[in-house]
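Remarks on the structure that follows.
We did not get these values from a lab; they are worked out from the coordinates using the rules stated. These numbers come from a predicted model, not from an experiment. All Cβ positions, glycine included, derive from the backbone under ideal geometry; neighbour counts span all protein chains shown.
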Amino acid sequence: MGMTLTEKILAKHSGNDRVSPGDNVWVDVDVLMTHDVCGPPAIGIFHKQFGEDAKVWDKEKLVIIPDHYIFTNDKYANRNVDILRAFAAEQDLPYFYDVGTDRYKGVCHVALPEEGFTRPGEVLFGTDSHTCTAGAFGQFATGIGNTDAAFIMGTGKLWVKVPETMRFVFEGASLPPYLMAKDIILKIIGDIGVDGATYRTMEFTGPGIKALTMEDRMTLTNMAIEAGGKNGVVEPDEVTDAYVKSRTDKPFEKVYSDPDAVYHSEHFYNIEELVPMIAKPHSPDNKATAEELEGTYLDRAYIGSCTGGKLSDFRAAAEIIRGNKVKLDTYIVPATTEIARALETETIYGTPLIDIFREAGCKIGNASCAACLGGPSDTFGRLNSEEVCISSTNRNYPGRMGSKQAQVYLASPYTVAASAVTGVITDPRVFIQQTVI
Amino acid sequence: MSKSSEPIKGKAFVLGKNVDTDQIIPAAHLVYSLEDPEERKLYGKYALSGVPSQESGLPQGNIRLTKEDETESEFKIIVASDNFGCGSSREHAPACLEIAGIKAIVTSSYARIFYRNSVDGGFLIPFESYEDLSKEVHTGDELEIDQENHILKNLTQKKEYKIKPLGSVADIVHAGGIFKYARQTGMVAER
């Protein structure tokens, strides 16, 4: 009997020839990532448990990326960045991306691949639920709490219950021009529910997935947590190789699921048959098609976050926004500083993306998590009252983007951009048929 | 602290399904210190403050977990429907409930990171019920959890329900978290 990709990685990292779903194993950790919200309490627990003079297990394997509450006057939030800074100095950490320096990156889940920390076959833990994004690179990656992070800081190990794997097989040669990975994952979450993959791995496979870029794959695995999944994973291939090798010289070993691996369940889709999808307020599984919601009232549009703030997300939005004025308050927040710089150099018909957004009347923010999770009251783009927002982010439970009186519709950057231009929810197929050659 | 297997008694606070971590502790409040003895009380004050008012303290609704200007609740046991604690990995979620005085939760299912954080951090005991009890129990009912026999007793309504044994995490729960467990088993040196 074979093993899945996830089982193989957990077996290798726990010193076992094989593991089975339900086994509790202690795994060796390749990378631990933390940020400004959960880093300070994790550091507090680390010192309390291992001593004030304790050193982390391996400073080459600890990555600290402040990204959540950066551009705020909140005194507590700024103190938390100070705590990270002091810890990085005390531990002499080589991978601390400090605020206010050239090293500052922005959203950790996009910064990790940019900096070469997402490598096939490895085990990555992070103090953030969207750590599962890194599974796009064929590794085991999942979110943990502060106590578990402190435990890893001291020991380099953590216990894991081996998950069952749900297999999502995608047929189809390529994404239709109006469709994005966001539509695929919203469709899946809508089908299986926000707890449809609880305690399980979501493995995405098939020719339809092989046809996706790394950024598209990251959007898929990013939202595995929105179905309750422990991790999301895509088998590595030449697309993965090309990305990872352009970002790091570190060796890695690709791992694949066996043909006779045992799955919890199998689910079949064809990417060419899907349509633009939306999650209505107040749950990521409250699904509808963009067509069904056509004309729905909106106050605001938001494009950003680890889910929908990557370069390809802005390129998609700019394709639709180009030559138009937005009718909604439209917020553009690049995930990382690298993406922010690329907005100046990437062009459509010779016009930089940033100019397309500016000329349309969009508001442009600094690289960070910003309003995706609300944050302090002065956060850029935060929903502070009863606004109705369409957003390329990942979660729309009550209060997620600020006020619990606000309403959030989740959609692809194409759909968000189309809606920003018309002022109401709009199926992007109308625009794409008009503008794409 | 260590979690004994003595009965847990107290008033129920009832919630619905998919109560996510932003409802348990809204993101704007994640900035306070969990170590400072005074500042950490703010987590008790704001615990469950993101739950829409009409869904807070069912079936009546519009009941706060902690009264205005207080940091500790009169309620000790949360009863909720499916997928409790979904959303983010913030350990501030089980921590804020413990700071508010919650000793245990009984739900039909948990989101996994919340469950894991509750156990590994030793904040409170996450029990699972066989059926959704959020429609049976009323906020304010006096409850008793008999841990030895896996029974939830509703003393107010004079009803009893079987709950699931803790299973493989019982040792970590009763040790009081992953660090105490690791010290008991020799994985981490005693200090």
For the protein assembly as shown, radius of gyration divided by Kirkwood radius, i.e. Rg to Rh on alpha-carbons | 0.95
In nm, to one decimal, how far is the modelled label at residue A:79 from the one at residue B:170, with both set 7 Å along Cα→Cβ?
-> 4.2 nm
Who wins for biggest fluctuation among A:308, A:374, A:51 in a Gaussian network model of chain A, springs between alpha carbons below 10 Å?
-> A:51
Quick one: if you stick a label point 7 Å off each Cα along the C-beta vector at residue B:162 and residue A:266, how many nm between them?
-> 3.6 nm
Determine the percent antiparallel among the DSSP beta bridges restricted to the range A:277-435, to the nearest 5.
-> 35 percent
Two decimals is fine: what is log10 I(q)/I(0) at q = 0.12, 0.18 Å⁻¹ for the range B:8-165, from a Debye sum with one equal scatterer on every Cα and no solvent?
-> -0.44, -1.03
The exposure ranking of A:312, B:118, A:368, fewest beta-carbon neighbours within 10 Å first, is A:312, B:118, A:368
Using only Cα positions of the range B:1-46, each an equal point scatterer, no hydration layer, compute I(q)/I(0) via Debye at q = 0.15, 0.16, 0.25, 0.34 Å⁻¹ and quote the log10 values to two decimals.
-> -0.64, -0.72, -0.97, -1.13
Scalar couplings 3J(HN,Hα) for the range A:409-422 by Karplus 6.51 cos²θ - 1.76 cosθ + 1.60 (θ = phi - 60°), nearest whole Hz, x for Gly and Pro, are 9, 8, 7, 6, x, 4, 5, 4, 5, 4, 6, 4, 6, 8
Note, the range A:18-27: 3J(HN,Hα) by Karplus (6.51, -1.76, 1.60, θ = phi - 60°), whole Hz, Gly/Pro = x, goes 8, 10, 10, x, x, 5, 9, 10, 9, 10
How many angstrom lie between the C-alpha centres of the range A:263-298 and the range B:96-135?
-> 31 Å
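So which GluC sites (Glu not before Pro) in the range A:1-84 pass both tests, a DSSP loop state and at most 11 other Cβ atoms within 10 Å of the Cβ?
Working: sites: A:7, A:52, A:60; in loops: A:52.
Hits after loop and neighbour filter: A:52.
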Out of all DSSP beta bridges with both ends in the protein assembly as shown, state the antiparallel percent to the nearest 5.
-> 35 percent
Could you tell me the distance between the Cα centroids of the range B:22-54 and the range A:219-244, to the nearest Å?
-> 32 Å
Within the range A:200-254, which GluC sites (Glu not before Pro) sit in a loop by DSSP and count at most 13 neighbouring Cβ atoms inside 10 Å?
-> A:253
Considering the range A:277-435, what Rg and Dmax in Å follow from its alpha-carbon atoms?
-> 14.1, 42
Where is the GNM fluctuation largest for chain B (alpha-carbon springs, 10 angstrom cutoff): B:80, B:27, B:175?
-> B:27
Of all DSSP beta bridges in the range B:8-165, antiparallel share, percent nearest 5 = 50 percent
Ellipticity estimate at 222 nm from DSSP helix runs (n ≥ 4, -39,500 (n - 2.57)) divided over chain A, nearest 500 = -9000 deg cm²/dmol
Compute the FRET efficiency between residue A:250 and residue B:9 as 1/(1 + (r/R0)^6), taking r as their Cβ-Cβ distance and R0 = 45 Å, and round to the nearest 0.05.
-> 0.25
